[in-house]
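Trainee: One structure is given below, represented as structure tokens, and several questions about it will come after.
What follows is calculated from the coordinates using simple rules that are stated; it is not laboratory data. Everything quoted here is computed from the prediction, not taken from an experiment. For neighbour counting, all protein chains shown are included, and Cβ atoms are generated from backbone atoms with ideal geometry for every residue, glycine included.
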Amino acid sequence: MAIQKVGVVGCGLMGSGIAQVCAAAGFPTVVREVSAELVDKGRKGIEKNLNRLAEKGTITEAVKEEIRGRLKGTTSLEDVRNSDLIIEAIIEQLPAKRELFSALDKICPPSTIFASNTSSLTITEMATATKRPQRFVGLHFFNPVPVMKLVEVVRTIATDEAVYEEIVAFGAKLGKTAVRAKDSTGFIVNRLLVPYLLDAIRALEEGAGSIEDIDNSMRLGCGHPMGPLTLLDFVGLDTTYYISQIMFDEFKEKRFAAPPLLKRMVLAGWNGRKSGRGFYDYADPQKPRALKF
């Protein structure tokens with residue numbers, strides 16, 4: 001059965017972006033949060049994005065209104081129960097995700113497909129909280145969702161072939177390049193990206209170069225849009241630390257182990273741009289200043 005209606009659970013940075021692209025692709029979309037305040041915050045973020053697109057002429061005012069008309073915010077799980085596809089984008093904690101999917105499994109028809117936007121957790125372990133592991137996939141978007149063109153479509157050993165192909169096709173309908181990934185911790189992008197970022201921290205720890213030199217080397221020497229330490233600040237040092245712990249626990253390989261400096265920065269609350277300090281000081285966000293270690 002082709003996907004016609006979409007439910008999104010979580011209306012934070014990722015959830016609101018996912019809801020926006022689904023509605024923009026023509027899918028009636030219901031997005032659920034735990035409080036009216038969080039629903040309103042997410043809707044305001046979507047509204048800001050749509051207004052920016054309209055001001056640039058990327059979309060017309062009429063198209064903007066059509067997208068808005070396809071979006072509905074709610075605080076009730078019942079309002080997403082009749083969705084053909086439900087995408088989870090809540091806190092990156094396995095117990096919370098399992099609890100959510102268990103609750104959804106009880107109220108949704110057997111035909112509903114479940115998907116998680118997790119960047120690192122095991123899809124199979126989430127699926128075991130339901131009675132529909134064959135209709136369970138990973139659908140990992142990238143931040144900011146309306147801009148980034150990639151989505152990882154993750155298949156477990158239990159995912160039905162037809163279900164998987166339907167989700168790959170769905171990703172294409174959203175205007176994304178859908179890459180096929182297996183349910184291996186970190187999937188494709190983080191499997192390659194996280195060791196690179198951790199190695200950049202080790203290079204700094206070992207005195208291979210300063211923050212500016214390491215970033216400039218990868219930006220100008222390898223053509224990366226931003227250096228690894230700048231990227232770490234953008235992603236969030238706490239987020240990277242958390243993902244590295246999950247990956248090290250899975251593979252027990254040194255390349256996935258968090259360097260001591262990363263751990264200490266997270267303990268100190270230096271999580272990057274969002275906290276105002278990471279490898280750079282963001283007192284003036286327009287002119288970040290590299291710190292000395």
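Trainee: Given the options LEU192, LEU229, LEU220, state which has the largest fluctuation in a GNM of the chain using a 10 Å cut-off (strictly under) for Cα springs.
Mentor: For the chain, modelled as a Gaussian network with Cα springs under 10 Å, the answer is LEU220.
Trainee: Restricting things to Cα coordinates, could you compute the convex hull volume per residue of the range 96-178 in Å³?
Mentor: Output value, Cα hull per residue: 93 Å³.
Trainee: Under the rule of -39500 (n - 2.57) per DSSP H run of 4 or more residues, summed and divided by the residues of the chain, what mean residue ellipticity at 222 nm is obtained, to the nearest 500 deg cm²/dmol?
Mentor: Computed ellipticity for the chain at 222 nm equals -14500 deg cm²/dmol.
Trainee: If amide H atoms are built 1.01 Å from N in the plane of the peptide, which residues on other chains or at least 5 residues away come under 5 Å of the amide H of ILE59?
Mentor: Residues meeting the criterion, in which the H sits 1.01 Å from N, are ALA54.
Trainee: Same structure again: Write down the Kirkwood hydrodynamic radius of the range 59-198, to one decimal in angstroms, obtained as one divided by the mean of 1/r over all alpha carbon pairs.
Mentor: Its Kirkwood hydrodynamic radius stands at 15.9 Å.
Trainee: Do any trypsin sites (Lys or Arg not before Pro) in the range 130-230 lie in a DSSP loop with no more than 10 other beta carbon atoms within 10 Å, and if so, which?
Mentor: Within the range 130-230, the qualifying trypsin sites (Lys or Arg not before Pro) (loop, at most 10 other Cβ atoms within 10 Å) are LYS149.
Trainee: Please report, in whole Å, how far the alpha carbons of the range 80-137 spread along each principal axis, starting with the longest.
Mentor: 27, 18, 16
Trainee: Scan the range 208-279 for GluC sites (Glu not before Pro) in coil per DSSP, keeping those whose Cβ has at most 12 other Cβ atoms within 10 Å, and list them by number.
Mentor: For GluC sites (Glu not before Pro) across the range 208-279 that sit outside H, G, I, E and B with at most 12 neighbouring Cβ atoms in 10 Å, the list reads GLU253.
Trainee: Taking the chain as a Gaussian network, Cα atoms linked when under 10 Å apart, which of ASP84, ASP238, ASP213 shows the biggest mean-square fluctuation?
Mentor: Result: ASP213 has the largest fluctuation of those listed.
Trainee: Specify the angular offset, from 0 to 90 degrees and rounded to the nearest 10, of the alpha carbon long axis of helix 161-173 from the longest principal axis of the alpha carbons in the chain.
Mentor: Computed tilt is about 70 degrees.
Trainee: Give me Rg/Rg_expected for the range 1-94, where Rg uses Cα atoms only and Rg_expected = 2.2 N^0.38 Å with N residues.
Mentor: The reported ratio for this selection is 1.04.
Trainee: Hey, another quick one. What are the ³J(HN,Hα) couplings of the range 35-52, residue after residue, when phi is run through the Karplus curve with 6.51, -1.76, 1.60 and θ = phi - 60°? Round to Hz, x for glycine and proline.
Mentor: Whole-Hz 3J(HN,Hα) from phi for the range 35-52: 9, 4, 5, 6, 4, 5, 4, x, 5, 5, x, 5, 4, 4, 5, 5, 4, 5.
Trainee: Quick one: plug the Kirkwood hydrodynamic radius of the range 169-293 (C-alpha pairs) into Stokes-Einstein at 10 °C, 1.306 mPa s, and report D in µm²/s.
Mentor: Answer from the Stokes-Einstein relation: 103 µm²/s.
Trainee: Determine, at each q value in 0.08, 0.11 (inverse angstroms), the log₁₀ of I(q)/I(0) that the Debye formula gives when each Cα of the chain is one equal point scatterer.
Mentor: Each listed q corresponds, in turn, to -0.37, -0.70.
Trainee: Sticking with this one: How large is log10 of I(q)/I(0) for the range 234-287 at q = 0.17, 0.18 Å⁻¹ when the intensity is taken from the Debye formula with one equal scatterer per alpha-carbon?
Mentor: -0.53, -0.58
Trainee: As a test of understanding, state the convex hull volume per residue of the range 159-203 from its alpha carbons, in Å³.
Mentor: About 70 Å³ per residue, rounded to a whole number.
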